[in-house]
Amino acid sequence: MKQRLIVLMATAVSAVAVLVPAAANAVSRDSGPVAATTCATVPVSAPSGTKVESVKAVANAGGTVTFPAAPPLHPDKETLTDVPAWCDFTVTVSHPGANDHVNIRVSLPQDRKKWNGRFQATGGSAYLAGDLSGAPLAGAVKAGYAAAATDAGVGANPLDVSGWALTPAGKVDTPLLKNFAARSLHDMAVIGKDVAKRFYDRSVSYAYWNGCSTGGRQGYEEAQDYPADFDGILAKAPAINWDRFGVATLWSQAVFNEEKVQPTPCESDAFNTAVIKACDTDDGVKDGIVDNPQDCRWDARRLVGTKVLCEGKEITISKATADAFRKIWAGPVSSSGKRLWYGPNKSAGLASLATPGNPFFVASTWVKYFVTRNPSFDATKINYRSFEQLFRSSQKQFNDIIGTDDPNLSAFAKAGGKLLSWHGQTDELVPTRGTIDYRERVNQALGGNKRVDDFYRLFLLPGVNHCGGGIGPQPTDDLGALVDWVEKGRAPATLAASAPGADGKIVTRNVCRYPMVTRYTGHGDTASAANYRCVTA
């Protein structure tokens, strides 16, 4: 965001409302449905410019709680055990002139002895600003937090923006987009902490942000524009640079159209297999993981002429197909050959970002409803020229609203905030190099890597997909590492991670902070973190 007037303190205006006891949430428990019990009423304060419309309260008995499946984010039902009884506050707010209605849910352990004194705000995914379904908040409550989420007034569908993106006149609903991008996050922080203070009759000791993807972008947004909202921000696989990323991930469609190729999934897999074979051992260990894809120099054209067996048919890799994958990995360029943005890392799965005729839905939706304001726009038909026009248009229209790329984090650093961020090196949705680019720009703006490390640390996780998954070791307690940094001053030099190995043995790694990488010492068990050290890449 380009907003330069950073708000260090929100001027709050009290809006007192009586909490209305409501029916219990639609979840089941080990003892069957439980009637609501009374939650204490509290007044609610909101930031200046935000009006509280209503407040409702629901008492939850806790115990073993099962939340029904809610595809696509929660394809299976989720069961949590030993959840303490908790209270849900749903605060509905609006902003004068915006014609909006934003829901903020705050969940708190009913017994103040179960509260650890901390507040945790949770983020969203794709076009979902936050998950109010219950499971993430109940999980935070189980861990002792007062927790919050917001729908930003845009609903609960991460895939479909047709109900809010455009006004009846066909223009972008800018107030709602601003809610989604930033405003509702600050509302949630102020209101969530205020509800906790009034409910427990004492202030929150520490406030944390926890989010991935869209939630990661939201965490960076808070650090940039509302630096006093959180003491610690955990931002994973952050979809920052949204105005660029939101178009750049359509690049493959332009490449396929211009190069006149439509590679099969078998061919795509063949390129990834070749990359891994060529660059797996660059880190000294053969484990099926390209540790640092940025250093992998393998050229896709080496696969020209290779025969691939695909569903019983033999396909020969053509030069045009190899050129297409080379250009996809390199990322989009302008008509003059200047880099516009980054492509996916080599060894990241390409099905989501590079399937002919099937563009990445976040990018396709962004171009349809926001950049062109034409829901019928067909992103599969773009070429190099139209891609560049879309890219420039997105930057011009939306960088100030949702770019989330201001490198000036000086106010956040001055406020004492800590930003812990990680990104998987095989992220198949959000190009990892966009996060690296942002970190380097922060380094340039604020005096170099060493100074920035005092408040912002980035970890690149080999073999880890978008927000987790993949064959690489996954973070074991990233939030705990952030809490230790904020509350005990223990800045994380490494991030502990683990994964099941092929032989059933647990593989452990202490992933080094950027720009360092983890390297095998040459001695001992390659599955043990003890036999690796951090070196400069």
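The values are calculated or read from the model by the stated rules, or taken from the named source; none is laboratory data. For clarity, every value in this text was computed on a predicted model and none was experimentally measured. Quick reminder, even Gly has a Cβ in these numbers, built from the backbone with ideal geometry, and neighbours come from all protein chains shown. For accessibility, only protein heavy atoms count, side chains too; no ligands or nucleic acids. Shrake-Rupley method; radii C 1.70, N 1.55, O 1.52, S 1.80 Å.
The criterion of at least 3 residues that are hydrophobic (A, V, I, L, M, F, W, C) and open to solvent by 20 Å² or more (accessible area, probe 1.4 Å) is met, among helices (runs of 4 or more DSSP H) falling completely within the range 227-295, by 265-279. Of everything in the range 99-108 that is buried (at least 24 other Cβ atoms within 10 Å of the Cβ) and over 13 Å from residue 52 (Cβ atoms), the residue that is nearest to the chain's Cα centre (by Cα) is 105. Contact map, the range 204-222: residues that are more than 16 Å from residue 187 (Cβ to Cβ) and open to solvent by 10 Å² or more (accessible area, probe 1.4 Å) paired with residues that are part of a loop (DSSP other than H, G, I, E, B) and of a type in the set (Phe, Trp, Tyr), Cβ distance under 9 Å, separation 6+ or inter-chain. Pairs shown: 206/230. Residues considered: 158, 96. Of these, the only one that is at negative phi, in contact with a strand residue (DSSP E or B) (Cβ under 8 Å, 6 or more places away or on another chain), outside any strand (DSSP E or B) and open to solvent by less than 30 Å² (accessible area, probe 1.4 Å) is 158.
Among the candidates 239, 248, 278, single out the residue that is within 28 Å of residue 363 (Cα to Cα) and touching a Lys or Arg at 6+ places or on another chain (Cβ under 9 Å).
Among 239, 248, 278, only 239 is within 28 Å of residue 363 (Cα to Cα) and touching a Lys or Arg at 6+ places or on another chain (Cβ under 9 Å).
Against the condition open to solvent by less than 40 Å² (accessible area, probe 1.4 Å), under 26 Å from residue 41 (Cβ atoms) and assigned to a helix (DSSP H, G or I), how does residue 182 come out, does it pass?
Criteria not met by residue 182.
The listed residues are 377, 370, and the only one of them that is at pLDDT 95 or above, assigned to a loop (DSSP other than H, G, I, E, B) and not aliphatic (A, V, I, L, M) turns out to be 377. Within the range 42-58, the residues that satisfy the criterion of being in contact with an Asp or Glu (Cβ under 8 Å, 6 or more places away or on another chain) and either hydrophobic (A, V, I, L, M, F, W, C) or in a strand (DSSP E or B) (or both) are 44, 45, 46, 47, 57, 58. Taking the criterion of being farther than 28 Å from residue 434 by Cβ and either assigned to a loop (DSSP other than H, G, I, E, B) or among the hydrophobic types (A, V, I, L, M, F, W, C) (or both), the residues of the range 296-317 that qualify are 304, 305, 306, 308, 309, 310, 311, 312, 315, 317.
Please work out if residue 192 is open to solvent by less than 30 Å² (accessible area, probe 1.4 Å), over 25 Å from residue 378 (Cβ atoms), in a strand (DSSP E or B) and at pLDDT 95 or above.
Criteria not met by residue 192.
Here residue 247 clears all of (1) of a type in the set (Val, Ile, Thr); (2) more than 14 Å from residue 439 (Cβ to Cβ); (3) under 9 Å from the mean Cα position of the chain (by Cα) except the condition numbered (3). Scanning the range 116-138 for residues being open to solvent by 30 Å² or more (accessible area, probe 1.4 Å), in contact (Cβ under 8 Å) with a residue 24 or more places away in the chain and not basic (Lys, Arg) gives a total of 4. Please tell me if residue 201 is touching a Phe, Trp or Tyr at 6+ places or on another chain (Cβ under 8 Å), open to solvent by 10 Å² or more (accessible area, probe 1.4 Å) and more than 17 Å from residue 129 (Cα to Cα). The answer is no for residue 201.
Whether any residue in the range 341-357 is within 19 Å of residue 256 (Cα to Cα), among the polar types (S, T, N, Q), part of a loop (DSSP other than H, G, I, E, B) and in contact with a Ser or Thr (Cβ under 6 Å, 6 or more places away or on another chain) is what I want to check. There is at least one residue in the range 341-357 that is within 19 Å of residue 256 (Cα to Cα), among the polar types (S, T, N, Q), part of a loop (DSSP other than H, G, I, E, B) and in contact with a Ser or Thr (Cβ under 6 Å, 6 or more places away or on another chain).
For residue 77, the conditions (1) modelled with pLDDT of 95 or more; (2) within 24 Å of residue 214 (Cα to Cα) are fulfilled apart from (1). The set of residues in the range 66-90 that are surrounded by fewer than 17 Cβ atoms within 10 Å (Cβ to Cβ), in contact (Cβ under 8 Å) with a residue 24 or more places away in the chain, in a strand (DSSP E or B) and on the phi < 0 side of the Ramachandran plot comprises 66, 70, 74.
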